[in-house]
Amino acid sequence: MGAEAEVMVQLQHTIPVLDVPCCSDLDVKSPESTILQFIPSIRSGSFADTGPRRFMEDEHIRIDDLSAHLGSLMKFPKPSAFYGIFDGHGGPEAAAHVRKNVLGLLFSDTNFPETSEVDDAFLEGVESSLRKGFLLADLALADDCNVSNSSGTTALTALVLGRLLMVANAGDCRAVLCRNGEAIDMSQDHRPNYPSERRRVEELGGFIDDGYLNGILSVTRALGDWDMKLPRGSASPLIAEPEFRQIVLTEEDEFLIIACDGIWDVLSSQQAVSLVRRGLRRHDDPEQCAKDLVMEALRLNTFDNLTVIVVCFTSPDHQELSPMRHRRLRSCSFSAEALYSLQSWLDNKGSH
């Protein structure tokens, strides 16, 4: 489903980009007047495949018009959209539970802030609500008798409110923004080889063995997995706390790719962006682009389930012309004798 932006929300303050090492180059470079004129036009597509695995443990959610989906009781800047990928492990139960309950956990149970204006206080409230939602989802998995203690899931969500894009991530799914053809990572993979994660794990009494947390899990943040977590209230090496990155969208920002680690195991962020960008120029179909990414990962012999969401921020008429339309005309020249012969032939044809 898709929805065009109806109105643009006037920012009271310039929305800051999170000060994180990987995103220090995300400063908005466009003039302020250009930023204020830009309205994201949201449309998306998704595709999922079991891949070489026997069972599908991925879940995802795709909502192009969040306000319409939640109803008139919630008031958001427009356009508003929400996306999430939940990559399960140890069985599908945890990912399925989070997918089913995520909207209530994030937007109802946490008293999500409501306003039509985006300012610093609103941003703080949004981040706080998303963080609480992730932690509530983690606790809910512990309380659900239908979810095994050994079942867990990574979680990555992307929220668009007006021109704000906020990504929350716990695990090794990844969100990548395309800005003028350049891949900008909007999340960090929480794997044991990530230095800050390794330090945190070891400070809390955990260990890394052959790239696995406590020799068991390939991620350092996840929801569920209560057989690996210490009792509630205790500091555990495996946590559900998400990391956040945010940015103000401008006309330079073309689309966002959200995908599980099965994609990133065999494709770099830039390779994925280039593939999707070529596809959008050819057919302008984000769902086909999501499928193309999955097919490419399978061709490169990925070994995991595969789920991809592609979110476009510009309307089709803003897409660049296909390279076929830029084909140059060839020029050629004739000698005077050849031109005379051609003219004589034309005159003779006209006399018949």
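The values are calculated or read from the model by the stated rules, or taken from the named source; none is laboratory data. Keep in mind it's a predicted model, so treat the numbers as computed, not measured. FYI the Cβ positions are ideal-geometry reconstructions off the backbone, even for glycines, and counts take in every protein chain you see.
Here are a few things to note about the model shown:
- Glu287 vs. criteria over 16 Å from Asp189 (Cβ atoms), outside any helix (DSSP H, G or I) and touching a residue at least 40 places away in the same chain (Cβ under 8 Å): no
- Any hit, the range 231-238, residues being surrounded by 21 or more Cβ atoms within 10 Å (Cβ to Cβ) and free of Cβ contacts under 8 Å to residues at least 60 places away in the same chain: yes
- Number of the condition not met by Ser30 [criteria: (1) in contact with a Ser or Thr (Cβ under 9 Å, 6 or more places away or on another chain); (2) of a type in the set (Ser, Thr, Tyr); (3) modelled with pLDDT of 90 or more]: (3)
Quick grid of which residues meet (1) under 21 Å from Ile239 (Cβ atoms); (2) touching a Phe, Trp or Tyr at 6+ places or on another chain (Cβ under 7 Å); (3) of a type outside the set (D, E, K, R):
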| position | (1), (2), (3) |
| --- | --- |
| Thr115 | no, yes, yes |
| Gly125 | no, no, yes |
| Leu130 | yes, no, yes |
| Ser150 | yes, no, yes |
| Leu164 | no, no, yes |
| Ala170 | yes, yes, yes |
| Cys178 | no, yes, yes |
| Ile184 | no, no, yes |
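- When the residues of the range 209-230 are filtered to those that are charged (D, E, K, R) and not in a loop (DSSP other than H, G, I, E, B), the one that is surrounded by the most Cβ atoms within 10 Å (Cβ to Cβ) is Arg221.
- Within the range 252-288, the residues that satisfy the criterion of being among the small types (Gly, Ala, Ser) and surrounded by fewer than 17 Cβ atoms within 10 Å (Cβ to Cβ) are Ser268, Ser274.
- Sole exception among (1) touching a helix residue (DSSP H, G or I) at 6+ places or on another chain (Cβ under 6 Å); (2) assigned to a loop (DSSP other than H, G, I, E, B) for Gly88, by number: (2)
- In the range 252-264, the residues that are closer than 22 Å to His89 by Cα form Cβ pairs under 7 Å with partners that are hydroxyl-bearing (Ser, Thr, Tyr) and modelled with pLDDT of 95 or more, at six or more places apart or across chains, as follows: Ile258/Tyr83; Ala259/Thr307; Cys260/Thr307; Gly262/Thr302.
- Residues that are surrounded by fewer than 22 Cβ atoms within 10 Å (Cβ to Cβ) and either part of a loop (DSSP other than H, G, I, E, B) or among the hydroxyl-bearing types (Ser, Thr, Tyr) (or both), drawn from the range 242-251: Thr250, Glu251
- On the stretch given as the range 219-249, residues that are at pLDDT 95 or above, of a type in the set (S, T, N, Q) and farther than 23 Å from Ala95 by Cα total 1.
- In the range 120-140, the residues that are over 15 Å from Arg221 (Cβ atoms) reach residues that are part of a helix (DSSP H, G or I) and aromatic (Phe, Trp, Tyr) with C-beta atoms within less than 9 angstrom, at least six apart or across chains, in these pairs: Ser129/Phe107.
- Considering the conditions (1) at pLDDT 95 or above; (2) of a type outside the set (Val, Ile, Thr); (3) over 20 Å from Lys229 (Cβ atoms), Leu135 is excluded by exactly one of them, (3).
- Any hit, the range 172-186, residues being assigned to a strand (DSSP E or B) and β-branched (Val, Ile, Thr): yes
- Residues in the range 134-154 that are assigned to a helix (DSSP H, G or I), touching a Gly at 6+ places or on another chain (Cβ under 9 Å) and not aliphatic (A, V, I, L, M): 1 in all.
- Hey, Leu161 under 29 Å from Ala272 (Cα atoms), hydrophobic (A, V, I, L, M, F, W, C) and either in contact with a Ser or Thr (Cβ under 6 Å, 6 or more places away or on another chain) or free of Cβ contacts under 8 Å to residues at least 60 places away in the same chain (or both) or not: yes
- In the range 239-260, residue nearest to Val276 (Cα to Cα) [restricted to those that are among the charged types (D, E, K, R) and out of contact with any Phe, Trp or Tyr (no Cβ under 6 Å at 6 or more places or on another chain)]: Glu254
- Within the range 91-133, restricting attention to residues that are assigned to a helix (DSSP H, G or I) and among the hydroxyl-bearing types (Ser, Thr, Tyr), the residue that is surrounded by the most Cβ atoms within 10 Å (Cβ to Cβ) is Ser129.
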